[in-house]
Every structure is written in C-alpha cells, then in structure tokens.
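The values are calculated or read from the model by the stated rules, or taken from the named source; none is laboratory data. Since the model is a prediction, treat every value here as computed from it, not as a measurement. Virtual Cβ from ideal backbone geometry, glycine too; neighbours counted across all protein chains shown.
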Amino acid sequence: MAAFLAFLTLLAGVLLGTAPQEAERGVTIAIDGPAAPLASGPLPRIYGSRDPRRPLVVLDPGHGGRDPGATSPFGDRHEKDVTLAIAEAIRDALVASGKVRVALTREGDDFVGLTDRYEIARRMGAGLFISIHADAAPSNDGARGATIYTLSEVASDRQAALLAEQQNEAGRIGGAEMVEEAGVNRILIDLAQRESMDVSTEFATLLQREASPYFPFRPDYHRFASLVVLKAPDVPSILFETGYLTNAQDAAYIHSPEGQRQIALGMRSAIETHFARRTVNLASR
Ligand SMILES: [Zn+2]
C-alpha cells in the first residue's frame, strides 16, 4: 500500500510538474528545462582569431556524403564538392583578414542532417549562418546568377517552393526531424525568430550590394522559402545559391579557383561589414 501511495504521489507530481528531481528509490525524472539540442557530439574547429569576443560565422557547405546535390552537366561534377570548395575559399579569405571567427558544418564528404547543421551554429553561439549551394535549372540553361534565400513560411514563387521541397526532402535522409516546441517556449522562439529573420533580410540586401562587383546576381536575387536549414530561431541565416551549374558561364566560374576566390571576396566584404555594423548598433544602444 505504501509503495502504491508513493507511486501515486510521484505520478501526481509528474502530471502537475512538481515532481522532485530525486524521487524515492533513486529514480530521477527530469521534467523541466529546455529540450536537449538535437545535435550532440564534438563541435567543428574554429578558424581565425583566438579572441572569443570576435563574431563567429558558421559556413554550411550544402549536401555531402550520400546526398550529392545537383550534378553539373559540364564535367559531371557534384554540387556537394563545389559547395565545400567555396566554403573553404570563404573561410580562407576571412581568416586572412582576421576580423571574424569561422567554422564549417562539415569539412569532408559527410552527410549532415538539416537540423544538425543549424544546431551546430546555435551551440557555437554563431552570429551568422550561411548555407552554401549551387543552383540547377536543367530545362533553362540560360538561367544564371546568384540567389539569396531567407526564411519565410510562404514561398516567394514556384521555384522557391520547389527548392524548399527538394532540399527539405534531401535533408531528411537519415537526418533528425524537427521538434515542435509548445506553449511559452514557442512564443519566445517566435519572437527570437522574427528578429533573426529581420537581420537575415538585412544581410541578404548587404550581400548583394557588397558582392555584386565580384560576381553576378539574378535580377530577383532575394527569394523566400520554408527551408529547414534556415530555421534556427536565434541565428540569422541565409541560403546562398552561388550560381547555376547548368549554365556554361556560371559553371566555369563556380568550378574555377579564381571564380571561387571572387565569390569568397564578395562574401567576406558582406560578412565583415555586417558584423562591423552590428557592433556599432549594439554599442549605441
Ligand atoms: Zn543545393
């Protein structure tokens, strides 16, 4: 009877949210606190300045491992390889000037789930998350130029909706599912997400302005889509399509070391300006 009563007390405590951390008989029930981060395990290496006060940008080379991404008709090359090469070029450019710290979500040909990608940025306290991709339009080889995607539940156009569908599907191969938060937690996440989305949009505009001298953008360069990889509630995030693997001119510069260097210089200029502005904004508050 006593055991049954103790069980009832424990059960009521769990239901009411008042269960002791250390229940009788040594049973430990953790019922509060935020959900554990989806990504666990070691975090990637940080490149650049050793000063932890310097802002951190996390670069996310799209695809990898069993997810090759798009395939270029010019030389049959995979998107997953070129996204890594471009991320490395951007990292090297940023390290050379030493103003920010940099980390990559993958440094080899590895599969990383979409939520794990942004959880890495969250766990590292990144100020900016940039997912790097290369476009493909097999039925329109005239399409060229870079595009920047930011998060929106409503896609800006049919292509943007299609991209979200493809990317989110590819990321699910073995990746973790989204965990839906409830109640007050959800409201706080929504508030943080709104601010992150504003900063992401600001960065998209800045990137086009700073990088236009280095490489071409599409006329409608800023698009919106519900991309899982952009859903970190508290890290401003963009998905950057460097250009079209299906366009001869774009493919040539995307695959060439000189083209990758140009992309890196444009990106560096935008990233450094972004953080310089935010430092000034925070200081003047
Ligand atoms: Zn891609």
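Miscellaneous remarks
- Qualifying strands (runs of 3 or more DSSP E) (wholly inside segment 58-161; at least 3 residues being under 21 Å from LYS231 (Cβ atoms) and touching a residue at least 40 places away in the same chain (Cβ under 8 Å)): 128-135, 146-151
- If you go through segment 207-250 and pick out every residue that is in a helix (DSSP H, G or I) and either β-branched (Val, Ile, Thr) or under 25 Å from PRO73 (Cα atoms) (or both), you end up with 5.
- Any hit, segment 59-73, residues being under 21 Å from HIS133 (Cα atoms), modelled with pLDDT under 95 and of a type in the set (A, V, I, L, M): yes
- The number of residues in segment 178-206 that are at pLDDT below 75 and either farther than 24 Å from GLY127 by Cα or hydrophobic (A, V, I, L, M, F, W, C) (or both) comes to 5.
- Residue in segment 113-130 that is crowded, with 18+ Cβ neighbours inside 10 Å, within 16 Å of the ligand (Cβ to nearest atom), within 22 Å of PRO216 (Cβ to Cβ) and in the same structural domain as LEU227 (by TED's automatic domain parsing) present: yes
- Within segment 48-71, restricting attention to residues that are farther than 29 Å from PHE275 by Cβ and out of contact with any His (no Cβ under 7 Å at 6 or more places or on another chain), the residue that is surrounded by the fewest Cβ atoms within 10 Å (Cβ to Cβ) is ARG66.
- Hits in segment 139-160 - residues which are over 22 Å from GLN249 (Cα atoms), surrounded by 15 or more Cβ atoms within 10 Å (Cβ to Cβ) and at pLDDT below 90: SER152, ALA155, SER156, ALA160
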